[in-house]
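Q: One structure is given below, represented as structure tokens, and several questions about it will come after.
The values are calculated or read from the model by the stated rules, or taken from the named source; none is laboratory data. If you're wondering where the values come from, they're calculated on a predicted model, not measured in any experiment. Cβ atoms come from the backbone with ideal geometry, glycine included; neighbour counts cover every protein chain shown. Just the protein is used for accessible areas: all its heavy atoms, side chains included, with ligands, DNA and RNA removed. Shrake-Rupley method; radii C 1.70, N 1.55, O 1.52, S 1.80 Å.
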Amino acid sequence: MKKLCLIASVALLQMNIASASPVEYTLGGEWYKETYREYVQGNERFMQQRGNLWSFNGAVKYNFNQQHSLKLAGRYSKGKINYIGGVNGDEENPEGSPYGSVTQKGAPRNSFDIRLTYQYSMPVYQDISAFIEPGFGYRELNDHSTRIQHDDYDRKNKLFYAHLAVGMVIPFATNYEFTPRVAYNQLIRGKQYSYMESTIVNKQRNGKGVEVDLLVSARLPYDTKLTFGPFYRGWKVFDSNEAEEIFEPKNYTHEVGVKVTYTF
């Protein structure tokens with residue numbers, strides 16, 4: 001009997017140590033609809049890409065104490081998009097063709113985002129707390145149009161940006177909490193690679209983004225939680241510089257979807 005009690009005590013001690021660990025891990029996934037549009041001569045639409053993407057998310061968070069923490073998060077997304085656009089003018093066809101004259105369906109697309117943030121939390125009212133998250137991120141997007149149309153070209157976009165988010169943790173009902181969050185992203189440096197007969201590189205220096213999360217978490221045993229809810233992510237990137245008489249025009253990206261994550 002004493003031996004069984006000793007084993008049980010050791011098991012409980014190990015569980016308490018695990019629950020008191022300063023390190024949190026998060027795994028999950030998301031689905032979202034992405035819409036990407038380019039504009040020339042002000043607000044004249046030149047092309048659009050739209051499709052459904054699936055993501056795998058992961059994060060590691062180190063809690064220094066109840067107020068200060070550091071988090072490294074990553075996301076990999078993959079899906080297919082449909083293209084609507086036109087053709088730029090050239091010597092044979094100076095006027096080109098208008099928006100809507102060219103279509104393409106099912107082009108493979110993938111992207112990934114890596115972000116490092118510091119979080120400071122503070123109580124604001126009873127059990128309600130607020131937090132602020134400054135940090136930096138890197139985003140890369142790849143289009144593989146040549147896999148379905150050989151005379152087309154692939155492209156890659158790389159963005160390095162500063163990130164600032166604010167949010168709240170609002171408990172409601174037993175073991176549930178609502179976490180609204182708003183973030184702003186400021187482009188620091190971007191590059192657009194167009195793989196034509198030669199690789200054309202355009203530099204992007206002016207852009208901004210916004211994110212909105214409306215997430216609900218259910219607290220589970222052993223200090224774990226399940227989080228789910230809708231989100232929005234958007235980018236606006238202005239005209240790039242010109243390289244070989246080609247530039248990347250002003251563009252908008254909208255991502256609307258839902259995510260589910262498990263934290264342990």
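Q: Want the number for Val256 to Asp127: 0.36 nm per residue separation, take away the alpha-carbon distance, what's left? Numbers along the way, then the final one.
A: Values: separation 129, 0.36 × 129 = 46.44 nm, distance 3.03 nm.
Working it through step by step, the gained length comes to 43.4 nm.
Q: With labels modelled as points extended 7 Å from the Cα through the Cβ direction, what inter-label distance (nm, one decimal) is found for Tyr184 paired with Asn142?
A: 3.4
Q: Using 0.36 nm per residue, how much length does the chain from Val216 to Trp54 gain when fully extended, once their Cα-Cα distance is taken away? Please list the in-between numbers first.
A: Working: separation 162, 0.36 × 162 = 58.32 nm, distance 2.03 nm.
Result for the pair: 56.3 nm of gain on full extension.
Q: In a shell of Cβ-Cβ distance under 15 Å around Tyr184, excluding Tyr184 itself, what net charge do Lys and Arg (+1) and Asp and Glu (-1) give? Write out the running numbers ahead of the final one.
A: On the way: positive: Arg115, Arg139, Arg181, Lys208, Arg233, Lys236; negative: Glu133, Glu211, Asp213.
So the environment of Tyr184 carries a net charge of +3.
Q: Averaged per residue, what accessible area in Å² does the range 30-263 show with a 1.4 Å probe, protein chains only? Each step should come with its number before you reach the end.
A: On the way: 13050 Å² over 234 residues.
I get 56 Å² per residue for the range 30-263.
Q: List, in order, the whole-Hz ³J(HN,Hα) value for each residue of the range 236-246 obtained from phi through the Karplus relation with A = 6.51, B = -1.76, C = 1.60 and θ = phi - 60°; use x for Gly and Pro.
A: Calculated HN-Hα couplings, in order: 10, 10, 7, 3, 7, 6, 9, 9, 6, 6, 10 Hz.
Q: Got a sec? What order do Lys78, Lys225 fall in by accessible area at 1.4 Å, biggest, i.e. largest, first?
A: Values: Lys78 125, Lys225 45 Å².
Putting Lys78, Lys225 in descending order of accessible area: Lys78, Lys225.
Q: Output the 0 to 90 degree angle, nearest 10, between the alpha-carbon long axis of helix 2-19 and the longest principal axis computed from the alpha carbons of the chain.
A: Orientation of helix 2-19: about 40 degrees from the principal axis.
Q: Modelled label-to-label distance, Val40 and Asp239, 7 Å Cα→beta-carbon offset: nm?
A: Modelled inter-label distance: 1.2 nm.
Q: Extension gain Thr224-Val87, at 0.36 nm per residue separation less the Cα-Cα distance, in nm?
A: Values: separation 137, 0.36 × 137 = 49.32 nm, distance 5.26 nm.
Taking 0.36 nm per residue and subtracting the Cα distance, the gain is 44.1 nm.
Q: Now, a different point. Accessible area of Ile200, 1.4 Å probe, to the nearest 10 Å²?
A: We get 10 Å² for Ile200.
Q: Also, quick follow-up: Once the dipole of the range 24-87 is set up with Lys and Arg at +1 and Asp and Glu at -1 on Cβ about the Cα centre, which of Met47, Ser77, Asn65 lies farthest towards its positive end?
A: Comparing the listed Cα positions along the dipole, Ser77 ranks first.
Q: Explain nothing, just the number: relative contact order of the range 30-263, from Cα pairs under 8 Å at least 6 residues apart, as a whole percent.
A: Numbers: 651 pairs, mean separation 36.1, N = 234.
It comes to 15 percent, rounded to a whole number.
Q: Something else about it: Go ahead and set up a Gaussian network model of the chain, Cα springs under 10 Å, then flag whichever of Gly42, Gly100, Gly190 fluctuates most.
A: Gly42
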